[in-house]
Structures are given as structure tokens and as C-alpha cells.
Amino acid sequence: MVFQAKTIIEPFRIKSVEPIHETTAEYRDIALKEAGYNPFMLKAEDVLIDLLTDSGTGALSEQQWGAMLQGDESYAGSRSFLKLQDTIQKITGFQFVIPTHQGRASERILFTTVCEQDSIIPNNTHFDTTRANIEANRAEALDLAIDEAKHPAVIHPFKGNMDLQKLEQFFRNTPKSKIPLCMVTVTNNSGGGQPVSMGNIKAISAMCHSYGVPFFIDACRFAENAWFIKQREEGYKDKTPLQIAQEMFSYADGCTMSAKKDGMANIGGFIALNDGALAEKLRNLLILTEGFPTYGGLAGYDMEAIAVGLMEALDEDYLRYRIRSVEYLGEKLTQANIPIIQPTGGHAVYIDAGAFLSHIPQSQYPAQALCVEMYLAAGIRAVEIGSVMFGKPQPDGSEIPAALELVRLAFPRRVYTQSHVDYLIEALLYVADRAKQIRGVRFTYQAPMLRHFTAQFALI
Ligand SMILES: *Cc1c(COP(=O)(O)O)cnc(C)c1O
């Protein structure tokens, strides 16, 4: 018999450490009051376990640090750019590579170039910066995810899929001149980090091309999506994540990317595509606002970190550990009857705070109240994805609430270990025990746009 461990371990040992500090309940009480009950306004040092985002918060590997020492900081023709370009071409097969300082810069450059007033860009679910960059160009961002995506408790292996019937209907009823491109986001961040199947990607691609519409992938979590395809879709279990990623990209005409996610870097992004004429237009805009086309707002050492990170994100041991840590947390919360979006996705667990704190009405922001409680109880920082973020204030002072009141626990890459996750589970069980005593919140200050970042609250 060979030893077959059931425990999936962190596939790394730790060479450099960053201390985190316990605080007392009294200290957190004061810190949060000073932050206006908005975790975004806390000092990071006052947080014990920070699950605000998985964006740019990961740990670099020794290979990345090593490569960074070799960064070529030449303004033009940097060796580090050529290395990054090679890696992106190998993974995506796209001919032209345009580096940017992060995902939203890629979006701004792409949509400013292709959108006209009244253009419509379909997607499974647009991420908030994607939507904002489309709307800033007076175009429309259209979400066409499958119906299952709207129901937290419904289990579906590829809950990030696009609804093909709705897409076909949209193509049939919309003049082609209004659709500069169609996108799909892998994994679907706003929909719970849910994967998109290869079958769905292939079908979207075929439909786009039969209507003459270019097809782009929002590739931020392409490696996590490849892992789900390997686990769940027939015909892929013997393929490597790299082979699966290559096939995903082979159906598309281009992609936008935030290297702060599956680029395993602290900053960076890119656009990659096959249309040379479009690439030239994008580069011209890039030069205006980001930088010369061989650095695009990045240092040479950033491009080194991304070139190495993109391949590390495709490592099977890493992906197994990453997806398992999220699934493990999801299992424990489900056993404790804490409602979450099912099944767990790639980078985060989403608690359904509307169901969990059903005694708090939507007008008193149950998901914000839960974030407040998690910090007060255990020093954990999470983010509200509910009516604070997406509620629409009306002229009469009322508000149209968000469809769901969610709290997202997003995991930085390679940062926390299983004992951190166990601590988190204990803390959430404690919060669950006293859920009925948790009170809602009300705004005391809100900015006119993207209010969640700077809002101030009071407890009700
Ligand atoms: C993070 C993200 C972006 C934007 O990238 P930034 O690097 O934060 O600007 C776009 N799309 C998706 C799906 C994302 O998760």
C-alpha cells in the first residue's frame, strides 16, 4: 500500500514572515468607531486576518523575488517585457501583448477605443470596474448569466456560465454595429467566483463569430477556472491546467487581465489580442496615459514577477490547495447552517447575510452589520457586497436595495494556512451563536458615487 494522505497541505514552506497582531475587544471597538463602522477605513495593522480582497495581496515566491532582481528597467525594449510577452503568448496564444498597471487600465484603454455612445457589451456578469469603464464611455454593460447564478443555494457545476439563449436573442435583436465585442469573465467574480465551462466558452465563441462579433475573455482568474474545468468537465481530467487555459483562450480573440489575481503579483495587468490594427490603436492610447508599450506603467521588476507568477498560478499543487481551502471553509459553514453561495467558488466564500441575519431588514444593511460584527468579535476584515455597494438611492430619499446581501471572504494567494481558516470558522460559529443580537446600521455619510469605500455608519 502507498500512503495516500487525505489532508491537502499548503504546498510551500515559509521563508519570510510578516507578523500579525491580536487586539483586544475594547481596542477593536474604538478602532471601528473611529473608522465609522466601515472596514475599508481601518488601519490594516489593526486587522488580524484580512479577507477584504484577493487582489494584489498574495505572497511572492522565491522564484519571483529572484526574477525581480533581474528586472530590466530600460524605457524601451526591456528584456523583462520580452519575457512577459513570451509567457503570455505561450499561455494565451494571442499575438499582441500590451502591459498595463492593472486590470481597470486594460478595461479603460479597450473600451475607450471600441465603444461608441449606445454600444452594448454583453458578459456573464460584468465586474464593477468593467461596468464602470463601459458606462464611462456612455455604453451599456449587459449581464447575461444563467438563471441559476441568481439563487445562492442552487448547486450548479458551472454557475458562471453565460445564458446562450439570451445571448442568441440579444445578437438577433441588436444591430451588429452596436456590439463592438462580447466578453465572458472567468471565474465570474461578481457571481460568487463561479467557473465557466469549456463547453460554454466554445459555444459563446461560435455564436459571436457567426454574428461577426469579437469575443474577449476577462481572464483575471483563468487558472482557477482551468482547475474547475479539470475537476468537473468531462474530457479534461488528464489535461494540465496550462493545456486547459490554452484551449480556453484559443476560442477568444483577446483578453483583459489583472495580474493582481492569477498573475500572482502585487500590481500589473495586460491586454492580449490577435487584431493588429486594434492593438495599434490601443498602444497609442497606452502611450498617452500609461507609458511606452514595453512597460505600460509597470517597472521592469513588476513584469518579471508577473511572467513567473502566471506560470505558478497554473501549478496543480497550488491550485489544489487554493481551491480546497475555500471549499473547506464553505463545508464548515454549511455544517453550521451558515448560509453561503453554493457551491464555493475559486477565490472566496460568500455568506448570504440576508438569510443569515433575516431579522435585519435590507434597509438596515445586514451584510454591513455582519462585517462589523466579524471585526468586533475576532479582528477579521471582510467586505460587504450588498445594498451598501449596489443599492440605488432614489430622489425621495428611499432606496432600491441590491438583489442579494452578501459578505465576501476573499483569500489572498499563498498567505494564510489552515489554522488561520480554523480560527475563522471558530469566530464565525461564535458570531452565529449570537446572530439574533446583531443590530443593523444606518449611513451617517455617503459619497455620491462608489459610496461603499468611504461611507460612515452608526449602529442602530
Ligand atoms: C479585479 C478585477 C478587475 C479589475 O482589475 P484591477 O487590477 O483591480 O483594476 C476586472 N475584472 C475582474 C473579474 C476582476 O476580478
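The values are calculated or read from the model by the stated rules, or taken from the named source; none is laboratory data. These numbers were taken from a predicted model, which means no experiment stands behind them. For neighbour counting, all protein chains shown are included, and Cβ atoms are generated from backbone atoms with ideal geometry for every residue, glycine included. All accessible areas refer to the heavy atoms of the entire protein, side chains included, with ligands and DNA or RNA removed. Shrake-Rupley method; radii C 1.70, N 1.55, O 1.52, S 1.80 Å.
Based on this model, can you work out whether Lys43 counts as more than 16 Å from the ligand (Cβ to nearest atom), surrounded by fewer than 10 Cβ atoms within 10 Å (Cβ to Cβ) and within 24 Å of the chain's Cα centre (by Cα)?
For Lys43, the condition - more than 16 Å from the ligand (Cβ to nearest atom), surrounded by fewer than 10 Cβ atoms within 10 Å (Cβ to Cβ) and within 24 Å of the chain's Cα centre (by Cα) - is met.
Give the residues of the range 12-39 that are among the hydrophobic types (A, V, I, L, M, F, W, C) and touching a Ser or Thr at 6+ places or on another chain (Cβ under 8 Å), sorted by residue number.
Passing the criteria: Phe12, Ala31.
Looking only at the range 208-236, count every residue that is charged (D, E, K, R) and outside any helix (DSSP H, G or I) and tell me the total.
4
Look through the range 125-135, keep the residues that are part of a helix (DSSP H, G or I) and open to solvent by 20 Å² or more (accessible area, probe 1.4 Å), and return whichever of them is nearest to the ligand (Cβ to nearest atom).
Selected residue: Thr129.
Can you confirm whether the range 42-57 contains a residue that is over 30 Å from Gly440 (Cβ atoms), outside any helix (DSSP H, G or I) and out of contact with any strand residue (DSSP E or B) (no Cβ under 8 Å at 6 or more places or on another chain)?
Yes: the range 42-57 contains one or more residues that are over 30 Å from Gly440 (Cβ atoms), outside any helix (DSSP H, G or I) and out of contact with any strand residue (DSSP E or B) (no Cβ under 8 Å at 6 or more places or on another chain).
Show me the strands (runs of 3 or more DSSP E) entirely contained within the range 382-460 in which 2 or more residues are touching an Asp or Glu at 6+ places or on another chain (Cβ under 8 Å).
Where strands (runs of 3 or more DSSP E) fall fully within the range 382-460 and carry at least 2 residues being touching an Asp or Glu at 6+ places or on another chain (Cβ under 8 Å), they are 406-410.
Looking only at residues that are assigned to a loop (DSSP other than H, G, I, E, B) and open to solvent by 10 Å² or more (accessible area, probe 1.4 Å) in the range 159-178, which one is nearest to Leu278 (Cα to Cα)?
Pro175
Between a residue in the range 208-224 that is assigned by TED's automatic domain parsing to the domain that holds Gly192 and closer than 16 Å to Ser106 by Cα and any residue that is surrounded by fewer than 24 Cβ atoms within 10 Å (Cβ to Cβ) and hydroxyl-bearing (Ser, Thr, Tyr), which pairs come within a Cβ distance under 6 Å, given they are 6 or more apart or on different chains?
The qualifying pairs are Phe215/Ser205.
Of all residues in the range 49-66, which are more than 16 Å from the ligand (Cβ to nearest atom), touching a Lys or Arg at 6+ places or on another chain (Cβ under 9 Å) and open to solvent by less than 20 Å² (accessible area, probe 1.4 Å)?
Of everything in the range 49-66, those that are more than 16 Å from the ligand (Cβ to nearest atom), touching a Lys or Arg at 6+ places or on another chain (Cβ under 9 Å) and open to solvent by less than 20 Å² (accessible area, probe 1.4 Å) turn out to be Ile49, Ser61.
Against the conditions (1) surrounded by 20 or more Cβ atoms within 10 Å (Cβ to Cβ); (2) within 16 Å of the ligand (Cβ to nearest atom), where does Asp143 fall short? Just the number, please.
(1)
Condition check ((1) open to solvent by 50 Å² or more (accessible area, probe 1.4 Å); (2) among the acidic types (Asp, Glu); (3) at pLDDT below 95) across all residues:
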| residue | (1), (2), (3) |
| --- | --- |
| Val213 | no, no, no |
| Asp218 | no, yes, no |
| Ile244 | no, no, no |
| Gly268 | no, no, no |
| Leu273 | no, no, no |
| Lys281 | yes, no, no |
| Leu286 | no, no, no |
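Name the residue, out of Arg138, Arg108, that is outside any helix (DSSP H, G or I) and either away from the ligand (no atom under 14 Å from the Cβ) or in the same structural domain as Pro241 (by TED's automatic domain parsing) (or both).
Arg138
Would you confirm, using the coordinates I've provided, whether Phe96 is of a type in the set (Phe, Trp, Tyr) and within 16 Å of the ligand (Cβ to nearest atom)?
The answer is no for Phe96.
What residue, among those in the range 260-285 that are in contact with a Phe, Trp or Tyr (Cβ under 7 Å, 6 or more places away or on another chain) and either within 12 Å of the ligand (Cβ to nearest atom) or among the polar types (S, T, N, Q) (or both), is farthest from Pro412 (Cα to Cα)?
Residue satisfying both the conditions and the ranking: Asn274.
Does Met207 satisfy being within 16 Å of the ligand (Cβ to nearest atom), over 27 Å from Tyr318 (Cα atoms) and at pLDDT 95 or above?
No, not satisfied.
Looking at the structure I just gave you, is Leu242 away from the ligand (no atom under 16 Å from the Cβ), assigned to a helix (DSSP H, G or I) and of a type in the set (A, V, I, L, M, F, W, C)?
Yes: the conditions hold for Leu242.
Checking the condition open to solvent by less than 30 Å² (accessible area, probe 1.4 Å), under 30 Å from Tyr75 (Cα atoms) and in contact (Cβ under 8 Å) with a residue 24 or more places away in the chain, which residue from Ala353, Ala313 passes?
Selected residue: Ala313, the only one of Ala353, Ala313 that is open to solvent by less than 30 Å² (accessible area, probe 1.4 Å), under 30 Å from Tyr75 (Cα atoms) and in contact (Cβ under 8 Å) with a residue 24 or more places away in the chain.
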